[in-house]
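Structure first, then comments.
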Amino acid sequence: MSIEVETSAAGSRIYLRGVERMVTASDRVSVKIAHSMLVRGDTTILLHFLPFAVIHAFNVHPRMRALQLKDQQFTAEIQAPVTTDTIAKILQVRVLTPADYGDGSPTSWQSFVEKECSVGFDRYYQLPFFLSVWVAKRKDTARLMLFSDQYMSDGFSGAVVLNCILDQVSKLARQASSNNQRPSTLTVKEYPLRPSLYRMWLNKITWAKPLLKGTNVIFGRRMFRGNVHKFTPLLPARDDQKDFAVPPVTNSTKALFADGDAKCMREALSKCRKEGVTLNGVLIVAVLLAFYRVRSNKEQRGRFNPFRIAMDVDCNMRQQVQHPAEENQVGMYTATTDLDWLNSEGVDMLTTRFWDLAGRASREIEANLKNTMNMALPTITADQKLNAQMDPSFLKKVRVAHSITADVGIAELVQYPFEKKSFTHGHF
């Protein structure tokens, strides 16, 4: 099959801004994201068309082909379209034997993900995405594990890329079925190369950017220092977690996995709609309850002893920018907001109702999203202070113990927004 790509982004340069600068502050130190998906269907068809579908995804989304430049600070360049000659660098397939999966539900993928996420990307030579697929042919299942570097990715990006791949497999399978032969040409039309979130988001408050930058220059270190000094973690960190340093150092990854129940999730979402709260709001309360339970023998109870927790939440900002993109764009388009009231006011655990607290959490996040001035400050701090040109004096007399600044950081909660793919002889 030949591949024709309509591209205008190849050779274009991306100027890293905001959090993109912070997560590229040190070579070979990455915030690596694993996006996992289990698909069921005809794995023979999946394997047949998967290489072409992966090539299609990389060539549709230009940021998937970015390499950081050594000779120009805070800059990446979009590479030429991916071809069949380079597919081995971005796609790994493992066909499992019956001994590998036994009951049809492979479990060793979790340890594989954990180990893989402890290995940083080489951003100068390695594209910021690659896909590893484990196939259990006897059970017609495949585990897709998409790994990405956060400077060009976020949680929603993973859902977009995996959907793009499965959608293309489905299209190619249907074409082959209707024509009774494999399609001869794969035509790819690339999406536009969008600016960073920093530019797309903060352009709507252009008038305030000098004020925010000036505030950060004068008070940024003082605010950072104050936040670090007043934070006392509820639970001890792992012994191997290193302190934040200049330049940043690698910390190992530990992960826990659990299989959910589709019926329970549907019921939970239905209850959320009935109560008028978001799933994010419910998750915040669930996490708070988990910490409270662990700390139950150490915390005083009652109205005058509220339970306090420091919690940050990542938010998808694609629809919060001045001019949202028409396509589902791939890139780092999330921003972090803190739920300061959970730490300053705390929660009366004896009288507060679950759904009331979930509703307040939902409303607070919504209000924060509309308060661009406050929510943008961490992004501006990352852009100006926490990057590869970081001044060591920024951390003078400041110890960020174990690199932790909050009890909990809730990553962007992604509900798969796309339809399941289907084709003539099977389904995914």
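Quick grid of which residues meet (1) surrounded by fewer than 19 Cβ atoms within 10 Å (Cβ to Cβ); (2) touching a helix residue (DSSP H, G or I) at 6+ places or on another chain (Cβ under 6 Å):
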position: Val23; (1), (2): no, yes
position: Leu38; (1), (2): yes, no
position: Ala76; (1), (2): no, no
position: Thr83; (1), (2): yes, no
position: Thr86; (1), (2): yes, no
position: Gln92; (1), (2): yes, no
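So if I check each of Gly155, Gly120, which one is in the same structural domain as Val29 (by the TED database), closer than 30 Å to Val313 by Cα and in contact with a Ser or Thr (Cβ under 6 Å, 6 or more places away or on another chain)?
After ruling out the rest, the residue left standing is Gly120.
Only one of (1) in a loop (DSSP other than H, G, I, E, B); (2) without any contact (Cβ under 8 Å) to a residue 12 or more places away in the chain fails for Ala367. Which number is that?
(1)
Of the numbered conditions (1) surrounded by fewer than 16 Cβ atoms within 10 Å (Cβ to Cβ); (2) part of a loop (DSSP other than H, G, I, E, B); (3) of a type in the set (Ser, Thr, Tyr), Ser393 satisfies every one except a single condition; which is it?
(2)
Listed here are the residues, each with its yes/no results for (1) touching a Lys or Arg at 6+ places or on another chain (Cβ under 9 Å); (2) outside any helix (DSSP H, G or I); (3) buried (at least 17 other Cβ atoms within 10 Å of the Cβ); (4) among the polar types (S, T, N, Q).
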| site | (1), (2), (3), (4) |
| --- | --- |
| Met332 | yes, yes, yes, no |
| Thr336 | no, yes, yes, yes |
| Met349 | yes, yes, yes, no |
| Asp356 | no, no, no, no |
| Arg360 | no, no, yes, no |
| Pro378 | no, no, yes, no |
| Thr381 | no, no, yes, yes |
| Asn387 | yes, yes, yes, yes |
| Arg399 | no, yes, no, no |
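Identify the single condition in (1) among the hydrophobic types (A, V, I, L, M, F, W, C); (2) surrounded by 22 or more Cβ atoms within 10 Å (Cβ to Cβ); (3) within 28 Å of the chain's Cα centre (by Cα); (4) assigned to a helix (DSSP H, G or I) that Leu146 does not satisfy, given that it satisfies every other one.
Against the list (1) among the hydrophobic types (A, V, I, L, M, F, W, C); (2) surrounded by 22 or more Cβ atoms within 10 Å (Cβ to Cβ); (3) within 28 Å of the chain's Cα centre (by Cα); (4) assigned to a helix (DSSP H, G or I), Leu146 comes up short only on (4).
In the range 290-336, which residues are touching a residue at least 40 places away in the same chain (Cβ under 8 Å) and aliphatic (A, V, I, L, M)?
Val294, Ile309, Ala310, Met311, Val313, Met317, Val321, Ala325, Val330, Met332, Ala335, listed by residue number.
Of (1) under 26 Å from Ser2 (Cβ atoms); (2) part of a loop (DSSP other than H, G, I, E, B), Val119 satisfies all except one. Which?
(1)
Of the residues Val93, Val119, Val113, Val135, only one is more than 18 Å from Leu162 (Cβ to Cβ) and either more than 19 Å from the chain's Cα centre (by Cα) or hydrophobic (A, V, I, L, M, F, W, C) (or both); which?
Going through Val93, Val119, Val113, Val135 in turn, just one is more than 18 Å from Leu162 (Cβ to Cβ) and either more than 19 Å from the chain's Cα centre (by Cα) or hydrophobic (A, V, I, L, M, F, W, C) (or both): Val119.
Go through the range 132-168 and give me each residue that's of a type in the set (D, E, K, R) and closer than 27 Å to Met22 by Cβ.
Asp149, Asp154
Per-residue answers, yes or no, for (1) surrounded by 17 or more Cβ atoms within 10 Å (Cβ to Cβ); (2) touching a strand residue (DSSP E or B) at 6+ places or on another chain (Cβ under 7 Å); (3) aliphatic (A, V, I, L, M):
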{"site": "Ile218", "(1), (2), (3)": "no, no, yes"}
{"site": "Met223", "(1), (2), (3)": "no, no, yes"}
{"site": "Asp259", "(1), (2), (3)": "no, no, no"}
{"site": "Gly281", "(1), (2), (3)": "yes, no, no"}
{"site": "Arg293", "(1), (2), (3)": "no, no, no"}
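Has the range 309-325 got any residue that is touching a helix residue (DSSP H, G or I) at 6+ places or on another chain (Cβ under 7 Å), more than 23 Å from Met375 (Cα to Cα) and surrounded by 12 or more Cβ atoms within 10 Å (Cβ to Cβ)?
Within the range 309-325 (the criterion being touching a helix residue (DSSP H, G or I) at 6+ places or on another chain (Cβ under 7 Å), more than 23 Å from Met375 (Cα to Cα) and surrounded by 12 or more Cβ atoms within 10 Å (Cβ to Cβ)), the answer is no, since none of the residues qualifies.
The values are calculated or read from the model by the stated rules, or taken from the named source; none is laboratory data. As the structure is a computational prediction, the values presented were derived from the model and not from experiment. As a convention, Cβ positions derive from the backbone with ideal geometry for all residues, glycine included, and neighbour counts pool all protein chains shown.
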